[in-house]
1. Of the residues that make up the stretch 4-11, is at least one surrounded by fewer than 17 Cβ atoms within 10 Å (Cβ to Cβ), over 22 Å from Asn88 (Cα atoms) and among the small types (Gly, Ala, Ser)?
2. Which condition breaks for Glu55 when tested against (1) surrounded by 15 or more Cβ atoms within 10 Å (Cβ to Cβ); (2) in contact with a helix residue (DSSP H, G or I) (Cβ under 7 Å, 6 or more places away or on another chain)?
3. State whether the residues of the stretch 89-100 include one that is open to solvent by 40 Å² or more (accessible area, probe 1.4 Å) and either touching a residue at least 60 places away in the same chain (Cβ under 8 Å) or touching a helix residue (DSSP H, G or I) at 6+ places or on another chain (Cβ under 6 Å) (or both).
4. Anything in the stretch 21-44 that is polar (S, T, N, Q) and over 10 Å from the mean Cα position of the chain (by Cα)? List them, or say none.
5. Filter the stretch 101-121 down to the residues that are out of contact with any Leu (no Cβ under 7 Å at 6 or more places or on another chain), farther than 15 Å from Gly76 by Cα and not in a loop (DSSP other than H, G, I, E, B), then identify the one that is least open to solvent (accessible area, probe 1.4 Å).
6. Here are Tyr61, Tyr31: which of them is surrounded by fewer than 17 Cβ atoms within 10 Å (Cβ to Cβ) and either in contact (Cβ under 8 Å) with a residue 40 or more places away in the chain or hydroxyl-bearing (Ser, Thr, Tyr) (or both)?
7. Only one of (1) modelled with pLDDT of 95 or more; (2) charged (D, E, K, R); (3) part of a helix (DSSP H, G or I) fails for Glu79. Which number is that?
8. For the stretch 101-109, check the following and say yes or no: at least one residue is among the aliphatic types (A, V, I, L, M), touching a residue at least 40 places away in the same chain (Cβ under 8 Å) and in contact with a Ser or Thr (Cβ under 7 Å, 6 or more places away or on another chain).
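The values are calculated or read from the model by the stated rules, or taken from the named source; none is laboratory data. Quick caveat, the model's predicted, so the values are computed rather than measured. Note that each Cβ is placed from the backbone with ideal geometry, even for glycine, and that neighbours are counted across all protein chains shown. For the accessible areas, the whole protein counts, side chains as well, though only heavy atoms, and no ligand, DNA or RNA atoms are used. Shrake-Rupley method; radii C 1.70, N 1.55, O 1.52, S 1.80 Å.
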Amino acid sequence: MAWQTYGLDQEAQKLVLNAMKRDKDSLNQGYKMRMATAYGLERFWGEHLRLEGKEQAKSDYWKETWDTLVQIMRRGGIEIPNDAVNSNNPQSIQNMSEKLWGLDLEAQRVSLAVLTQLCDCLIWWTQRYK
């Protein structure tokens, strides 16, 4: 079996270009995303909810990055939960968090490694376009 990149660099470029269209100030979120990977999938996922309604362009960037991770992992054979969640519904947030915490440990580790690399690619493209 050969190494498969799953197009992380291309996906990151798309994410950065989309963020530039919405609001160039949201580009700095790539650095924050990279730092957030150290805290786990559920914290990374939840960040879009914290920003929702207050800094919508940033929230959209986080959510779009999460959605991209979910798609990439699916291509790699790992299903990451991605329920539609209402930020005003604590139960839906808790349910989604529990699904993420309940992932198989290997799936969590692989997903975090891919997310970390995706964020590194985001930073690279951000530096090119700033």
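1. Yes.
2. Looking at each condition in turn, Glu55 falls short on (2).
3. no
4. Those that are polar (S, T, N, Q) and over 10 Å from the mean Cα position of the chain (by Cα): Ser26, Asn28, Gln29.
5. Cys119
6. Of the residues listed, the single one that is surrounded by fewer than 17 Cβ atoms within 10 Å (Cβ to Cβ) and either in contact (Cβ under 8 Å) with a residue 40 or more places away in the chain or hydroxyl-bearing (Ser, Thr, Tyr) (or both) is Tyr31.
7. (3)
8. no
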